[in-house]
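Since every read-out is calculated from the coordinates, none of them should be taken as a lab result. As the structure is a computational prediction, the values presented were derived from the model and not from experiment. We place every Cβ from the backbone using ideal geometry, glycine too, and count neighbours over all the protein chains shown.
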Amino acid sequence: MKPEPSSRQQPPSDDELFLPDFCNIRVIFLVVLIAELLAFVLALAPQMSSATLWERLGIISLFVQWVALASAALLCGLRSLLKNQRHAIVAICSFLTIQAVTIMLSETTLRLAFFVGLEGALPTASHGDFILHNVAISAIVSAVALRYFYMQHQLTRRIQAESHARFEALQARIRPHFLFNCMNTIASLTRTQPALAEEVTEDLADLFRMSLADVGHQIPVKDELELCRRYLNIEKLRLGERLEVQWKIDELPENATLPSLTLQPLLENAVYHGIEPRQQPGTIEISGQYADGAIEFMINNPTPEFRSHRRSGNHMALDNIRERLSTAYGNDASITTETVAEQYYVAIRIPVSGAAP
């Protein structure tokens, strides 16, 4: 008998580790900023000390920054070990690491303050109370921070799962519609042009193989454009002279990447909403360029001559691509649409790093 899958929680991978990457300079900058804000709050609190506000702020800032940076350094070094553990173990190890750092630096701070004669800047509490208070504050702050990191991680995973589900729904919508049209095209060519029918069948197989590969992952721009070419070639056979295609993509960098199935659904929309309802021939233009660290695509197609011929849609492809770009790139990517002089335009901007034309 086939064993039932275990219901126990599997260890998270490196991408699933809910802790931020404390080896990243941006994360370190945020740690320093938050630590300094905490130092201001602690310095403003009433304390039994003969030091002035600025003296207290200097001592507290130094101590808090020590704890924050030392904890971040240790968590950075432990990341390779923590990524193979369950979330509960990661949280406990991180919490205990921060508390251990707090205890050691509290003891060091006391000894250093007495050595340089700055004991007046410290609260007039006993040795044990000083360490206990610091550990209590550290425990509260670290527990809240770890809880925030975990909730943020879960939210990100849910957004990615919803985006992936929308992507699969989009593929499920594209394939039956496109497959139905392709089968009709192949059937019409079987008797009159069997060689061409075989070629279209091979193109269709390659098209679906490319669309199923690396689902939701980054692929080279040239692979996405090849997918688009195969799709439009098949539609060209079906629509004949009613469909013309213009490519203006010579300025695109060869090593740029983008999420798979970013352009093909937009071209299918262009055919379905812009070319099929028209009585006259129409042209789909695909242009691309590299500018200011991003690749930019523009797809435009004519709109039907008569408003009654225009097909309504639920904007599923546009909404899906917009959400996927937002998940992958945040506000650095964009997709916009516009209708001007009976032409429908879709513009996409995707940031790339290290690309060269």
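Assuming R0 = 51 Å, what is the FRET efficiency of Leu155 and Thr192, from their Cβ-Cβ distance, to the nearest 0.05?
0.35
Ranked highest first by average number of other Cβ atoms within 10 Å, how do 261-269, 100-108 line up?
Packing proxy ranking, top to bottom: 261-269, 100-108.
Please state the Cα pair-distance histogram of segment 194-275 with 10 angstrom bins from zero: what percent is in each bin?
16, 46, 32, 5
So between Leu37 and Asn24, what do we pick up on full extension, going 0.36 nm a residue minus the alpha carbon distance?
2.6 nm
If you take every residue apart from Leu239 with its C-beta less than 13 Å away from the C-beta of Leu239, what net charge results, scoring Lys and Arg +1 and Asp and Glu -1?
Summing Lys/Arg as +1 and Asp/Glu as -1 gives -1.
Is the shape of segment 316-355 best called rounded, prolate or oblate, per the rule: a/c under 1.5 gives rounded, else a/b larger than b/c gives prolate, else oblate, with a ≥ b ≥ c the square roots of the Cα gyration tensor eigenvalues?
oblate
Quick one: which residues, 5+ away or cross-chain, put their amide H under 5 Å from the amide H of Leu258? H built at 1.01 Å from N.
Sorted by chain and number, the residues that satisfy this are Ile219, Val221.
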